[in-house]
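Got a structure for you, questions after.
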Amino acid sequence: MTEAVLPAALAEIAGPQPRRLTVPVKVGGVEVGGGAPIVVQSMTNTDTADVGETVKQVAALARAGSELVRITVDRDEAAAAVPHIRERLDRIGVDVPLIGDFHYIGHKLLADHPACAEALAKYRINPGNVGFKDKKDRQFGQIIELAIKHDKAVRIGANWGSLDQELLTALMDVNAVSEKPLDARAVMREAMVQSALLSAVRAEEIGLGKDKIILSAKVSGVQDLIAVYRMLAARADYAIHLGLTEAGMGSKGLVASSAALGILLQEGIGDTIRYSLTPGPGGDRTLEVKASQELLQTMGFRAFVPLVAACPGCGRTTSTVFQELARDIQSWISTSMPEWKTRYPGVEALNVAVMGCIVNGPGESKHADIGISLPGTGEAPTAPVFVDGKKVATLRGAGIAGEFKTMVNDYIERRYGLRADAAE
Ligand code: SF4
């Protein structure tokens with residue numbers, strides 16, 4: 001047998017690069033950047049002028065875990081509704097900070113509706129469509145002055161779909177006469193970065209503190225997004241909002257966003273994130289919150305809800321017992337979490353494993369805090385349960401699911417209930 005050898009110097013390659021230190025920004029009561037935990041945000045898709053529907057959706061997003069919620073402010077009726085939305089949310093105990101999304105006429109809406117300007121915690125503006133030609137600088141300046149007056153943060157969010165055309169044309173002209181012209185896409189990426197940075201510098205010149213500025217530069221291509229944010233992060237220390245714009249529907253949107261955001265977060269880039277998913281008609285908007293949380297948790301940045309590791313199943317799991325138990329445990333955890341969060345501090349870091357057969361079942365279950373290895377096809381109808389790496393029981397018969405849930409409950413009570421008592 002070959003002798004086991006450990007390399008003399010074991011390189012430590014696991015884990016993300018250190019978080020890039022940015023200037024912290026307070027958005028309402030939420031700290032973004034400066035080493036604070038990466039913040040989850042989302043955006044409504046209701047008509048903001050419809051106060052009832054918007055309150056309902058903001059509350060749903062906040063209860064799902066969104067720490068900041070953005071709403072569209074596109075016309076007078078929407079701006080007039082904002083203070084009422086804030087007031088109703090406060091009345092039902094939802095204190096999530098609201099961000100106003102402004103395009104074209106933000107300067108006018110904020111000036112004409114001071115209660116809206118006051119109720120919002122942050123203004124999001126896009127340097128590509130804040131105004132055109134001679135109006136651009138003036139209207140941008142007006143918004144920044146209003147942010148200073150109301151002591152609000154501003155996100156300067158460049159977007160591939162509405163890139164500052166004057167800046168792009170100027171850079172294309174320079175590129176055309178350079179000795180080694182870049183390809184057009186590279187120039188567009190540079191324009192995105194410059195658009196955000198030049199606007200931030202201009203905002204500071206007007207008097208907005210660096211601690212009031214968050215930058216984003218969203219594009220819809222994964223590789224472009226990674227390149228743009230790397231450039232942005234290398235050139236300044238403003239707090240950064242990450243998001244892949246127009247990510248799309250279903251698995252495509254989830255995969256593309258996770259790939260892009262995951263790589264950037266691993267490199268230490270990003271202080272707040274959003275999944276820009278397209279819901280199906282009548283679809284659940286809170287999916288974008290869940291996706292952000294799961295990305296942050298699976299990458300080890302934050303913990304929101306106990307994770308269930310389940311094997312994919314294969315030809316060894318011909319019955320549906322395994323899928324049913326995995327689904328059952330997952331949904332039981334989700335529905336129990338609101339209560340668990342207050343009764344069992346720290347429970348969100350719990351790891352549960354539900355495995356389909358003896359091949360990887362016992363091993364994976366031992367790595368979890370509590371895990372069960374169900375019998376695969378042809379195996380004896382028994383299910384060993386492992387707690388903190390040790391086999392503690394073998395379940396049999398039709399009541400396996402119920403008995404396992406009781407064991408998970410007992411484990412949570414034992415491990416996290418004590419902390420609750422100690423905290424009292
Ligand atoms: S643990 Fe067993 S059932 Fe699950 S995927 Fe592996 S071999 Fe298949």
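Working out 0.36 nm times the residue gap between Arg343 and Gln323, then minus their Cα-Cα distance, what length gain in nm do you get to one decimal? Please list the in-between numbers first.
On the way: separation 20, 0.36 × 20 = 7.20 nm, distance 2.88 nm.
Going from the current span to full extension adds 4.3 nm.
Past the 40 angstrom mark, what percentage of all C-alpha to C-alpha distances in the chain do you count?
Working: 25749 of 89676 pairs.
Tail of the P(r) past 40 Å holds 29 percent of the pairs.
Roughly how far apart, in whole Å, are the Cα centres of the range 351-424 and the range 280-331?
That distance is 17 Å.
Using a basic spin-label model with each label point 7 Å from the Cα along Cα→Cβ, how many nm lie between His84 and Lys405?
In this crude spin-label approximation the distance works out to 4.3 nm.
Can I ask one more? What is the set of long-range amide H partners of Leu242 at a cut-off below 5 Å, with H atoms built 1.01 Å from backbone N?
Asp271, Thr272, Ile273, Arg274
Give the angle, between 0 and 90 degrees and rounded to the nearest 10, that separates the Cα long axis of helix 165-176 from the longest principal axis of the Cα atoms of the chain.
Helix 165-176 sits roughly 90 degrees off the main axis of the chain.
Moving on to the next point. Can you tell me the accessible area per residue over the chain, all protein chains present, probe 1.4 angstrom, in square angstrom?
Accessible area per residue, the chain: 47 Å².
Okay, next question. Most fluctuating residue of Pro384, Pro16, Pro127 in a GNM of the chain with Cα springs under 10 Å: which is it?
In this elastic network of the chain, the residue with the biggest mean-square fluctuation among Pro384, Pro16, Pro127 is Pro384.
Per the 1.4 Å probe, what fraction of the accessible area of the range 351-417, in percent, lies on carbon and sulfur atoms? Could you put the intermediate results ahead of the total?
Numbers: 1610 of 3100 Å².
Here it works out to 52 percent.
Okay, moving on. Report the trypsin sites (Lys or Arg not before Pro) located in the range 139-207 that are in a DSSP loop and have at most 13 other Cβ atoms inside 10 Å of their Cβ, or state none. It would help to have the intermediate numbers written out before the result.
On the way: sites: Lys149, Lys152, Arg155, Arg185, Arg189, Arg202; in loops: Lys152.
Of the trypsin sites (Lys or Arg not before Pro), not one in the loops of the range 139-207 has a Cβ with at most 13 other Cβ atoms within 10 Å.
For the chain, find the longest principal axis of its Cα atoms and tell me its angle to the long axis of helix 400-423, 0 to 90°, nearest 10.
Compared with the principal axis, the helix lies near 60 degrees.
Enter the angle in degrees (range 0 to 90, nearest 10) between the Cα long axis of helix 287-298 and the first principal axis of the Cα atoms of the chain, meaning the one along which they spread out most.
60
Using a 1.4 Å probe over the heavy atoms of the protein chains, calculate the carbon and sulfur portion of the accessible area of the range 45-182 as a whole percent.
Details: 3320 of 6280 Å².
Here it works out to 53 percent.
Next question, about the same structure. Given the pairs Lys152/Lys252; Lys135/Lys218; Lys133/Lys290; Lys108/Lys212, which span a C-alpha to C-alpha distance of over 30 angstrom in this model?
Details: Lys152/Lys252 35 Å; Lys135/Lys218 24 Å; Lys133/Lys290 41 Å; Lys108/Lys212 21 Å.
Table pairs above 30 Å Cα-Cα are Lys152/Lys252; Lys133/Lys290.
Per DSSP H run of n ≥ 4, the term is -39500 (n - 2.57); total these for the chain, divide by its residue number, and report the mean residue ellipticity at 222 nm rounded to 500 deg cm²/dmol. Please list the in-between numbers first.
Details: 13 runs with 192 residues, N = 424.
Rounded to the nearest 500, the figure is -15000 deg cm²/dmol.
Give the aspartates and glutamates whose C-alpha is closer than 17 Å to that of Lys391, dropping any in the same chain fewer than 8 places away, or say none.
Within the straight-line limit of under 17 Å, Lys391 reaches these aspartates and glutamates: Glu364, Asp369, Glu403, Asp410.
Round to the nearest 0.05 the FRET efficiency obtained for Val359 and Gln223 when R0 = 45 Å and r is the Cβ-Cβ distance. Don't skip to the end; give the middle numbers.
On the way: r = 37 Å, r/R0 = 0.82.
With a Förster radius of 45 Å, E is 0.75.
Quick check: from the Cα gyration tensor, does the range 155-269 come out rounded (a/c under 1.5), prolate or oblate?
Numbers: a/c = 1.85, a/b = 1.13, b/c = 1.63.
Because a/c hits 1.5 or more and a/b fails to exceed b/c, the range 155-269 counts as oblate.
With the contact rule set at Cα under 8 Å and sequence spacing of 6 or more, what percent relative contact order holds for the chain? Kindly include the intermediate steps, with their values, before the conclusion.
Details: 776 pairs, mean separation 52.0, N = 424.
With pairs under 8 Å counted, the relative contact order is 12 percent.
So, R0 is 22 Å and r is the distance between the beta-carbons of Ala259 and Leu21; what FRET efficiency does that work out to, to 0.05?
Details: r = 25 Å, r/R0 = 1.14.
The value I calculate is 0.30.
For the chain, what is the charge dipole size about the Cα centre, in debye to the nearest 20, if Lys and Arg each add +1 at the Cβ and Asp and Glu each add -1 at the Cβ? Display every interim value, and only then the final one.
Details: 46 positive and 50 negative charges, 37 e Å.
Roughly 180 debye for the chain.
Then there is this: Test of understanding: extend the Cα→C-beta vector of Lys108 to 7 Å, then name every residue of the range 42-78 with backbone N under 17 Å from that spot.
From the range 42-78, the list is 73-78.
The values are calculated or read from the model by the stated rules, or taken from the named source; none is laboratory data. Everything numeric here is computed off the predicted structure, so don't read it as measured data. All Cβ positions, even for glycine, are placed from backbone atoms using ideal geometry, and neighbour counts span all protein chains on display. We work out accessible area using only protein heavy atoms, side chains counted, and drop any ligands, DNA or RNA first. Shrake-Rupley method; radii C 1.70, N 1.55, O 1.52, S 1.80 Å.
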